[in-house]
1. Of all residues being surrounded by fewer than 10 Cβ atoms within 10 Å (Cβ to Cβ) and farther than 20 Å from Asp14 by Cα in region 31-60, which is modelled with the highest pLDDT? Just the residue, please.
2. Of these, Ile2, Ile49, Ile56, Ile10, which one is out of contact with any Asp or Glu (no Cβ under 6 Å at 6 or more places or on another chain) and closer than 28 Å to Glu75 by Cα?
3. Looking at (1) touching a Pro at 6+ places or on another chain (Cβ under 7 Å); (2) loosely packed, with under 15 Cβ neighbours inside 10 Å, find the lone condition where Gly28 falls short.
4. Thr63: at pLDDT 75 or above, under 21 Å from the mean Cα position of the chain (by Cα) and of a type in the set (S, T, N, Q), yes or no?
5. Give me the pairs, please: first residue somewhere in region 1-22 and farther than 22 Å from Leu39 by Cβ, second residue anywhere and surrounded by 10 or more Cβ atoms within 10 Å (Cβ to Cβ) and among the polar types (S, T, N, Q), beta-carbon distance under 9 Å, and either six or more positions apart or on two chains.
Amino acid sequence: MIGSYNGTRIEYPDDMSAVEMRYYAEVGKKEWVSKGKSLAILDKIEITIDGEDVLINPLPHITRVRRITGYLSTEDRFNDGKLAELKDRVNHDNGEPNYLSAKEQFLTRNA
């Protein structure tokens, strides 16, 4: 289910009560703040049940902004030319493409 608690979006199991969800959301927020993080960037809290354990996963709101030829923007707003330019980037330290995600880089190195 998806709910909200004190302005934060909460994703939690269907069989969890609203009272229980609010309790775990509060635990997640306190844990987030105890790590020195601002509640302003907290996007949502995912609550899952794994056997006897309740897993609380606070997630920040992060937008990746790229600079291509002097323009700052998110990738979803790039035209085909900017996307091609981004894809052609090279990391000059190791010669590998700079656009690949960490997973793609791992798979490329271990192929």
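The values are calculated or read from the model by the stated rules, or taken from the named source; none is laboratory data. If you're wondering where the values come from, they're calculated on a predicted model, not measured in any experiment. Glycine also receives a Cβ, built like all others from the backbone with ideal geometry; neighbour counts cover every protein chain displayed.
1. Ser34
2. Only one candidate qualifies: Ile10.
3. (2)
4. no
5. Partner pairs satisfying both residue conditions: Pro13/Thr48.
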